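The values are calculated or read from the model by the stated rules, or taken from the named source; none is laboratory data. Only a predicted model underlies this, so the values are computations on that prediction, with no experimental measurement involved. Positions of Cβ are backbone-derived with ideal geometry, glycine not excepted, and every protein chain shown enters the neighbour counts. Please note that ligands, DNA and RNA were not included when accessible areas were found on the heavy atoms of the full protein model with its side chains. Shrake-Rupley method; radii C 1.70, N 1.55, O 1.52, S 1.80 Å.
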Amino acid sequence: MCGIIGYAGKNQAIPFILDGLAKLEYRGYDSAGVAVVGSDGNLVVEKCKGRLQVLREKIANGDIVQGCVGIGHTRWATHGEPSDINAHPHISMNGKVALVHNGIIENYIDLKKILSENGYTFKSDTDTEIVANILDFYYNGNPLETIQKVIKMLRGSYTLVIIFEGITDKIYAVRKNTPLIAGISKVGNFVASDIAALVSHTRDMYLLEDDEITEVSSEKINIYDIDLNCVKKDIFKVDWDIKSAEKEGYDHFMLKEIHEQPRAIRDTINSRISDNNEIILDNIDLDLENIDKIYILGCGSAYYVGMAAKYAIEKSCGMSAEVDLSSEFRYRFGENTRKMNPNFSGVKRDLRVNKSTLVILISQSGETADTIAALREVKKYGAKTLSIVNVVGSTIARESDYVIYTRAGQEVAVATTKALTSQLSLVFLLAEYMARKLGFIEDTTLIEDLKKIPEQVENLNKSENKIKSYAEKFKTSDTVFFVGRGMDYPVALEGALKLKETSYVHAEAYAAGELKHGPISLVEEGTLVIAVATQDELYEKMISNIQEVKSRGATVLIITNEGNTSAEKVGDMVYYIPKTHELLTPLLSVIPLQQFGYYSAVLRGLDVDKPRNLAKSVVVE
Ligand code: F6R
């Protein structure tokens, strides 16, 4: 989604800002812009629709926008179409304030009314322009006091980075429900929406919290709470490998990240398994005996990982776990749900979230708005929260009781690959850890097989040409079905999502048993059906389902375990994954589906790393 950077220093701001915006391009955007406070104190804004390169050309790489403090933005449209006018920064009508914004201001219509009644007029369709003007309206010459007043009036989510007319040495920033960090460096000080924008200049950062107002100059970064008291914070040292943000010879980040999976899985699991196969999960100390309910939450692919986690926990721990989309769950269990009568004298059977509930949240970015909201909601009811997150120091990681980090490294391609398999490896480890804590006999085969996964993934990557040839064969298909049962069902869902988002092909995934209940009517001569069939006890059922679609004309690619040669009698194409523990199969069966999504997009000539309409980190509802 939108990318933000701000700089205050002794050098020209724009080169740093353009460099930072380039690092944020991966988040997805449709327009870009910059603003500085010129040496005469006037605010200068330049912005346009399209890629960053268009902006670079427009401002001659910064030569025509001079100033030592500045702000920059890549916009992913929410209010108003992508256009030059709707692009950020927005400047207030009187030219006193310019700002960039990430998020949504929910009460902007009410604020607009106040401004209109006071003679303000607007150029764009955005909620952001309203905030610039509200700041302008209340500006009393003291930026901190003005920001303090205005944020008390705003509803919704925002990261705002603001410059003021006449203040040639400072920028200001504030956040609510969307990410913001500040970076301290020798070349000047920064704020940004994302660590990636700053790591080439500094690894020393402050992680800013909601309602903290940050004042950045070339000498220092001051942080204030909502009452304008100074806040002291420890510096957070970022340990990212800078190479994650480079393609290193690959055509696309997605392909690079597919190939990085063996390393990512190894890094995620190795330090957590001792030589004698004990599981060491960071500082997690779960009192499982007092947990009677488990919810697993996530969005998109992270939700599919949650489905796999549910199967693994239920099979391993003999307890049921419910998985839900964060965006649904947050309202199912929100404040508006029915309350127990405090005077009721019978046995209280409120089965909703409470102190004996464990909520597991899965998120690559750690900044997904709905997952953050669900986390905050369940904490109100005293639930224990455990998150599985990739981005160190992100909001979900910070606000959960426990966090276990995946060690995938920065994921740049919008379509997740290495973060997903790292998450899968961790949830399988977590399920085994929980089972042992609950007194189940250790499943050492699972651990031994998990350790073999990185090498097996490496081998699947070496044979990617096979999948590339299938992608070539079906490059004109406009509908593809994915089916699976049990642990193969989330894999089918992930395969369909990969194809949809990278290649814009209509792809549907079904639990194979559901085909006869409706979707089979869509199968016709030549429809491609990709069937994932790795679960021994469900294999024969899958073969029957495959026969049903075959007899209606489908062309079927079966992904199954080595040795299941009977698949060749029914499938048109068979792709074998190496033998592994039944619970771990998603770690292998998802690889050909990622490759299929990737090559289908490349062969269609699409921008695989930045698919249309999508953003890497979804920080609004
Ligand atoms: C799909 C994809 C998305 C994310 C989802 C959640 O390839 O990447 O579906 O999985 O937006 O994002 P995180 O994991 O950052 O919470």
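To the nearest 10 degrees, how steep is helix 444-462 against the longest Cα principal axis of the chain, on a 0 to 90 scale? The two axes meet at around 70 degrees. Solvent-accessible area assigned to carbon and sulfur over the stretch 372-427 amounts to 57 percent, based on a 1.4 Å probe. Between residue 361 and 297, 386, 387, 388, the built amide H atoms are under 5 Å apart, and every one of these is 5 or more places off in sequence or on another chain. 3J(HN,Hα) along the stretch 17-28, derived from phi through the Karplus expression 6.51 cos²θ - 1.76 cosθ + 1.60 where θ = phi - 60°, amounts to 5, 5, 4, x, 5, 4, 5, 9, 4, 4, 6, x Hz, with x in place of Gly and Pro. With 19 Å as the limit on Cα-Cα distance, the pairs of 47/176; 96/149; 49/498; 293/380 that go past it are 47/176; 49/498. When the GluC sites (Glu not before Pro) in the stretch 522-598 are filtered for DSSP coil states and for at most 14 other beta-carbon atoms within 10 Å of their beta-carbon, the remaining sites are 524, 525, 562. Evaluating 6.51 cos²θ - 1.76 cosθ + 1.60 at θ = phi - 60° for every residue in the stretch 365-372, the Karplus couplings come out as 6, x, 10, 5, 4, 5, 6, 4 Hz, glycine and proline recorded as x. Scaled to the globular estimate 2.2 N^0.38 Å, the Cα spread of the chain, given as radius of gyration, is 1.02. With a simple spin-label model that places each label point 7 Å from the Cα along the Cα-to-Cβ direction, the separation between residue 42 and residue 57 comes to 2.7 nm.
Remark: the stretch 249-263, residue by residue, has Karplus-estimated 3J(HN,Hα) of x, 7, 5, 9, 4, 4, 5, 4, 6, 4, 6, 7, 4, x, 5 Hz, where x stands for each Gly or Pro and the curve is 6.51 cos²θ - 1.76 cosθ + 1.60 at θ = phi - 60°. Annotation: aspartates and glutamates with alpha-carbon distance below 15 angstrom to residue 579 (same-chain offsets under eight excluded): 448, 449, 455, 458, 488, 536, 537, 562.
Database remark: amide H of residue 236 closer than 5 angstrom to the amide H of 205, 206, 207 (H placed geometrically; neighbours at sequence offset of 5 or more, or on other chains; Pro and chain starts carry no H).
Using DSSP to define loop residues, name the GluC sites (Glu not before Pro) in the stretch 401-505 whose beta-carbon has at most 16 other beta-carbon atoms within 10 Å. Here the GluC sites (Glu not before Pro) that fit, given the DSSP loop and packing criteria, are 442. The label-point distance for residue 572 and residue 345, in a model that sets each label 7 Å from Cα toward Cβ, rounds to 7.1 nm. Scanning residues 5 or more positions from residue 273 or on other chains, those with amide H under 5 Å from its amide H are 280, with H placed 1.01 Å from N in the peptide plane. Segment residue 232..residue 138, full-extension length gain: 31.0 nm, with 0.36 nm per residue of separation and the alpha-carbon distance subtracted. Ignoring aspartates and glutamates fewer than eight residues from residue 569 along the same chain, the ones with Cα atoms less than 15 angstrom from its Cα are 540, 548.
With angles folded into 0 to 90 degrees, how steeply does helix 586-603 sit against the dominant principal axis of the chain? Use alpha carbons for both and round to 10. Approximately 60 degrees, to the nearest 10.
Classify the stretch 413-461 as rounded, prolate or oblate, taking a ≥ b ≥ c as the square roots of the eigenvalues of its Cα gyration tensor: rounded when a/c is under 1.5, otherwise prolate if a/b is larger than b/c and oblate if not. The shape class here is oblate. Shape verdict for the stretch 3-239, please, from the Cα gyration tensor: rounded (a/c under 1.5), prolate (a/b greater than b/c) or oblate. Since a/c stays below 1.5, the shape of the stretch 3-239 is classed as rounded. Placing pseudo-labels 7 Å out from each Cα toward the beta carbon at residue 155 and residue 169 gives an inter-label distance of 4.1 nm.
PRE reach from residue 225 (point 7 Å along Cα→Cβ): which of the stretch 125-155 fall under 16 Å by backbone N? Residues 148 qualify, since their backbone N sits under 16 Å from the label point. Can you figure out the FRET efficiency of residue 107 with residue 292, using R₀ = 51 Å and their beta-carbon distance, to the nearest 0.05? Rounded to the nearest 0.05, the efficiency is 0.80. Taking Cα atoms only, the orientation of helix 108-117 departs from the longest principal axis of the chain by about 20 degrees. Taking 0.36 nm per residue of separation and subtracting the Cα-Cα distance, full extension of the segment from residue 337 to residue 607 would add 92.9 nm. Restricting the stretch 292-337 to GluC sites (Glu not before Pro) that sit in a DSSP loop and have at most 13 other Cβ atoms within 10 Å of their own Cβ leaves 335.
Dipole magnitude for the chain: about 440 debye, using +1 per Lys or Arg Cβ and -1 per Asp or Glu Cβ, origin at the Cα centre. Any idea how many Lys pairs in the stretch 199-263 come in under 29 angstrom at the alpha carbon, given 8 or more places apart or on separate chains? Taking the stretch 199-263 as the scope, the lysine pair count is 9.
Set the Förster radius R0 to 25 Å, insert the Cβ-Cβ distance between residue 540 and residue 445 as r into 1/(1 + (r/R0)^6), and round the FRET efficiency to 0.05. In this case the efficiency is close to 0.60.
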